[in-house]
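Working notes, beginning with the structure itself.
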Amino acid sequence: MSNATLKAYQLIRQAILDGDYPPGSQLREEHLASEIGVSRTPVRDALRRLLADGLVESERNHGTFVTDLTPAEVLEVFEIRAILEGYGARRAAELITDDEIRELERLADAMEALGGREELRQERWAKLNTEFHTALVRSSRSRRLERILRQMFQVPLVPLKQYRLHGLVNIDRSNRQHREIIEGMREHDAAWVSRTVEAHLLSARNLAGVLGDGTAKSLSSVCL
């Protein structure tokens, strides 16, 4: 990948994750090239990579658009993640090292220690939470699983950002569940930690109800 393509990819990706390009909005190559300061070719290549990441969608003869997930698709992502990360946690519990457990503890500490302005706290927590789950999957020693889940870690961030800011994600509960996962890893209890990770992710299933009709259904149980 050329430096120009990498630059375009990183800037467009971050703008999507930050909500600067809302779900469903069209990404025009000429406009992006002018905004980033590169030619259209690197932008086109960057959009292809973002398509592979699942962050954009391409419609023939219509252009490229930021992925707009339906409530059912958000729910599906978390259900698939629960199954796959549960499997990864089972592997990880048998293979994880002390250094990897300390890294999970460091991330858990950082999430619990966040303070300051609420919106900034929420954004920092979201990034640390993704790092936590990425580290957890990495400790499974399955590169194939890492590749599959990398896309899923990114896709829900856009719609979920707004719901975190409205208090629909229970961060404190999620942090407590992270501690339970770490304890299971420390005990190398594969079956228990697998079930804990699955339950942790499936607790986000109620978000589909929130997204579907705009009402706060079972908010106390929504987390990541």
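The values are calculated or read from the model by the stated rules, or taken from the named source; none is laboratory data. Computed from a prediction, not measured in an experiment: that's the story for all the values here. Methodologically, a virtual Cβ is constructed for each residue, glycine included, from the backbone with ideal geometry; neighbour enumeration extends over all protein chains shown. We work out accessible area using only protein heavy atoms, side chains counted, and drop any ligands, DNA or RNA first. Shrake-Rupley method; radii C 1.70, N 1.55, O 1.52, S 1.80 Å.
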> Can Arg138 be described as basic (Lys, Arg), more than 22 Å from Ala199 (Cβ to Cβ) and open to solvent by 70 Å² or more (accessible area, probe 1.4 Å)?
Replying inline: no
> Inside region 16-109, counting only helices (runs of 4 or more DSSP H) that do not spill past its ends, which hold 1 or more residues that are closer than 28 Å to Ser174 by Cα and among the small types (Gly, Ala, Ser)?
Replying inline: 71-95
> Within region 23-51, can you find the residues that are aliphatic (A, V, I, L, M) and open to solvent by 70 Å² or more (accessible area, probe 1.4 Å)?
Replying inline: Leu51
> Within region 10-22, can you find the residues that are open to solvent by 70 Å² or more (accessible area, probe 1.4 Å) and farther than 22 Å from Arg147 by Cα?
Replying inline: Asp20
> Just a yes or no: is a residue in region 65-84 surrounded by 15 or more Cβ atoms within 10 Å (Cβ to Cβ), among the polar types (S, T, N, Q), within 17 Å of Asp18 (Cα to Cα) and within 18 Å of the chain's Cα centre (by Cα)?
Replying inline: yes
> What number of residues within region 57-85 satisfy the criterion of being free of Cβ contacts under 8 Å to residues at least 60 places away in the same chain and closer than 13 Å to Met152 by Cα?
Replying inline: 2
